[in-house]
Amino acid sequence: MILGQQQFLLSRCPKVYQPCESIGGWMVRRTVVSQPTRVQVLVLALLYYEAPVLPSLSALDVSRTDVSPGAVSRLISHSTTLRLICALNCASLEEEEAHSPAAFANSRGKLVLTINRTISKFIAADAAPLCPDTAVKDTMVFDECRSSSGKRNGVSQLITWLEWILSQSLLRIPETNPHGMNQFWLDQGAALLLTLLKSSQEDVQERAATTLATFAVIDDENTNVDPARSEAVMLEGGIPMLLDLARCSRESLQSEAAKAIANLSVNPKVAKAVADQGGIAILTNMAKSVNRLVAEEAAGGLWNLSVGEEHKVVAIAVAGGVKALVDLIFRWPAGTGVLERAAGALANLAADDKCSLEVATAGGIHALVTLARSCKVEGVLEQAARALANLAAHGDNNNNNAAVGQEPGALEALVQLTHSPSEGVRQEAAGALWNLSFDDRNRESIASAGGVQALVSLCQECLNASDGLQERAAGALWGLSVSEANSIAIGREGGVPPLIALAQSEVEDVHETAAGALWNLAFYSCNSLRIVEEGGVPVLVHLCSSSHSKMARFMAALTLAYMFDGRMDEIALVGTSSQGSSKIVKFEGARRLAFKHIEAFVLTFSDPQMFSTAASSSGAAALSQVAEALFIQEAGHLRCSRAEIARFVDTLRNPSSVLRACAAFALLQFTMPAGRHAVHHAALLQKAGASRVLRVAAAAATAPIEAKIFARIVLRNLELHQAGPST
């Protein structure tokens with residue numbers, strides 16, 4: 001008989017085990033177990049009597065057990081009918097082979113399969129005892145032994161058993177990911193699994209597909225896959241095989257094949273191969289399945305395939321994938337797995353400008369807001385919020401930003417999600433609110449929904465959280481602070497201290513975003529005073545002089561300029577005479593410190609030789625060369641209001657030459673033709689009559705050369721824009 005297709009325990013004592021069949025006086029009980037059995041007892045029992053035992057024993061599986069080399073050797077010597085021992089992942093046998101590679105080589109016509117041997121080659125090389133009349137190639141050994149020749153020799157049954165055993169053993173190995181198995185997977189494990197996919201046994205195929213879905217995953221929580229293992233499947237021709245199985249009629253096999261395709265596609269090279277071989281259309285069709293598990297795994301595949309190259313994203317849209325994914329949300333409202341995968345795929349697709357429109361057209365906004373409002377599962381909420389954030393990120397190219405804000409309950413749901421116990425959910429919700437706040441109507445609606453208080457609270461709580469959450473929390477406050485009412489409310493609700501704390505982060509994205517929020521807040525004197533009182537001046541000075549981000553240094557300098565341009569003086573020095581004297585000393589010290597570092601910041605952009613050439617030249621070329629050297633690319637994304645532009649123009653008349661130079665430098669950045677909002681800023685300057693003030697600044701005899709050059713460049717920019725319409 002063959003042992004292994006189910007676990008067998010043997011005993012001489014019928015009182016211990018309930019017998020289900022009798023073989024040679026042995027009581028045999030079939031048991032299915034989830035953990036490896038200690039077959040050492042079984043093997044010793046077989047060897048206890050020298051008389052022939054189990055005369056029909058043909059094969060034995062001792063995989064994943066502590067069987068000893070001695071026990072296996074004695075079994076080989078004593079059993080006359082035994083033809084095959086499968087011993088995968090048996091530590092003691094592997095150690096024996098490591099010390100003695102020839103161990104079990106002289107096995108009296110019996111095959112001993114371990115992970116140290118290339119199984120297909122080993123079977124082919126020693127196939128004489130299995131297929132004595134057939135010359136077997138190692139690459140075709142399973143096919144040959146399943147053939148009519150194999151059947152005549154009684155080998156087909158043995159190979160059928162071996163396929164079953166291998167599929168079981170290989171399935172269980174990744175569950176514990178034992179040390180030292182990586183080379184096995186690369187050398188032969190992947191190829192063996194693909195061989196098993198061709199088995200005539202459906203359960204073997206299914207287990208092989210399941211193992212292909214798991215053996216390459218090295219971090220299940222973050223779905224990271226081993227590149228070499230996943231590429232081994234691809235190089236062995238596994239992608240077309242899995243795609244074929246995904247189209248079969250057996251739904252359980254379809255879902256396992258789709259899961260394997262999804263997990264392997266985390267590797268960009270495999271994802272490209274899947275897309276190139278028609279996998280996107282196959283997965284899209286599977287996403288329409290009435291079987292939830294099939295649809296769920298197909299959605300997971302589309303999620304992973306929607307990462308990266310634009311052509312894959314377009315292919316998903318062309319194949320009808322967007323509509324299929326939106327439909328899944330309504331078809332399986334209680335299926336958490338399918339909802340997370342569908343929302344995740346839509347989030348990736350929404351990051352593409354054209355696809356974001358298709359997501360909205362297909363009803364994606366309503367579907368995603370429904371999830372954000374009603375679902376309780378953190379993974380689903382995180383992906384739904386991320387999708388809404390991406391939909392709202394194309395403000396200049398489509399109206400999705402406004403459309404999300406107009407969807408009933410959308411903004412309220414996102415504000416509520418900032419209180420989620422999940423950091424991932426809070427981060428994505430804050431990111432969505434940041435993007436949505438670029439729309440004027442959304443900005444005020446977020447505030448009306450309690451967004452100011454919620455986001456200030458989030459900033460206060462996230463000081464020890466991830467960089468991503470810190471950046472988005474500060475960014476959302478930056479977006480809301482564009483309006484006067486919101487800016488004052490943020491200061492009143494306690495938003496200044498956490499923003500100052502975030503401005504001290506060593507992470508550029510975090511302190512840059514916090515600096516942007518503080519810049520907006522400082523426009524109003526009450527907030528400027530709060531920044532001074534909360535110790536913000538040294539923090540801004542440090543940013544202004546030390547950040548590796550030009551944008552962070554720029555916005556820190558502008559914040560300091562707002563704070564000390566004279567508008568805060570009246571409220572800053574209020575108090576009794578004794579208090580006033582102390583305040584004056586501290587305030588003047590802070591002003592001098594700020595001016596010193598604003599000036600130093602401006603001078604970092606000065607090139608004496610280039611500036612001298614531009615100053616002495618009446619031609620446009622020299623001035624253009626200086627302008628291009630001075631331009632901060634990221635500053636081109638900043639959009640100033642009429643009041644802000646008017647304040648910079650007014651600062652050009654300030655008694656401080658430092659502030660005049662800083663204002664001219666800022667206007668240079670905001671009017672550079674390459675800037676996103678340059679035409680808008682140029683129009684505001686023209687309406688404010690800035691040209692006359694700029695000409696005075698450019699001609700001032702006592703002004704630093706930097707201030708003169710900056711003013712001349714702004715005038716040049718205005719001429720280039722020709723007072724174009726505001727955008």
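The values are calculated or read from the model by the stated rules, or taken from the named source; none is laboratory data. The shown structure was predicted, so the numbers you read here are calculated from the model rather than taken from an experiment. Neighbour counts run over all protein chains shown; Cβ positions are idealised from the backbone, glycine included.
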Q) Quick check, is Ile218 at negative phi, in a strand (DSSP E or B) and surrounded by fewer than 24 Cβ atoms within 10 Å (Cβ to Cβ)? A) yes
Q) Are any residues in the range 224-240 in a loop (DSSP other than H, G, I, E, B) and at negative phi, and if so, which ones? A) Asp226, Glu236
Q: Within the range 336-350, track down each residue that is modelled with pLDDT of 95 or more and touching a helix residue (DSSP H, G or I) at 6+ places or on another chain (Cβ under 6 Å).
A: Val338, Leu339, Glu340, Arg341, Ala342, Ala343, Gly344, Ala345, Leu346, Ala347, Leu349, Ala350
Q: Quick one: count up the residues across the range 206-240 that are closer than 19 Å to Trp164 by Cα and not small (Gly, Ala, Ser).
A: 7
**Q.** Answer from Ala683, Ala674, Ala699 - the residue that is within 23 Å of Ala561 (Cα to Cα) and either of a type outside the set (S, T, N, Q) or surrounded by 15 or more Cβ atoms within 10 Å (Cβ to Cβ) (or both)
**A.** Ala699
Q: Being surrounded by fewer than 19 Cβ atoms within 10 Å (Cβ to Cβ) and in contact with an Asp or Glu (Cβ under 6 Å, 6 or more places away or on another chain) is the filter here, so list the residues in the range 485-530 that pass it.
A: Pro497, Val507, Asp509
Q. Taking helices (runs of 4 or more DSSP H) that fall entirely within the range 632-727, which contain at least 2 residues that are among the acidic types (Asp, Glu)?
A. 642-651, 705-721
Q: Sort out which residues of the range 164-200 are hydroxyl-bearing (Ser, Thr, Tyr) and surrounded by fewer than 18 Cβ atoms within 10 Å (Cβ to Cβ), and write them in order of number.
A: Thr176, Ser200
Q.
If a residue must be hydrophobic (A, V, I, L, M, F, W, C) and touching an Asp or Glu at 6+ places or on another chain (Cβ under 7 Å), how many such residues does the range 630-652 contain?
A. 0
Q: Go through the range 535-568 and count every residue that is among the hydroxyl-bearing types (Ser, Thr, Tyr) and either touching a Cys at 6+ places or on another chain (Cβ under 8 Å) or part of a helix (DSSP H, G or I) (or both).
A: 4
Q) Could you list, in sequence order, the residues of the range 244-267 that are acidic (Asp, Glu), surrounded by fewer than 24 Cβ atoms within 10 Å (Cβ to Cβ) and touching a residue at least 24 places away in the same chain (Cβ under 8 Å)? A) Glu251
Q | Residues of the range 585-609 satisfying the condition of being under 15 Å from Phe665 (Cβ atoms), out of contact with any Lys or Arg (no Cβ under 6 Å at 6 or more places or on another chain) and part of a helix (DSSP H, G or I) | A | Phe595, His597, Ile598, Glu599, Ala600, Val602, Leu603
Q: Go through the residues of the range 89-97 one by one and say whether even a single one is among the hydroxyl-bearing types (Ser, Thr, Tyr), in contact with a helix residue (DSSP H, G or I) (Cβ under 7 Å, 6 or more places away or on another chain) and either within 24 Å of Glu163 (Cβ to Cβ) or assigned to a helix (DSSP H, G or I) (or both).
A: yes
Q: Look through the range 327-347, keep the residues that are under 23 Å from the mean Cα position of the chain (by Cα) and surrounded by fewer than 24 Cβ atoms within 10 Å (Cβ to Cβ), and return whichever of them is farthest from Cys375 (Cα to Cα).
A: Gly337
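For every residue, the table says whether it meets (1) buried (at least 22 other Cβ atoms within 10 Å of the Cβ); (2) under 20 Å from the mean Cα position of the chain (by Cα); (3) of a type in the set (Val, Ile, Thr).
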residue: Ala351; (1), (2), (3): no, yes, no
residue: Gly363; (1), (2), (3): no, no, no
residue: Leu368; (1), (2), (3): yes, yes, no
residue: Arg373; (1), (2), (3): no, no, no
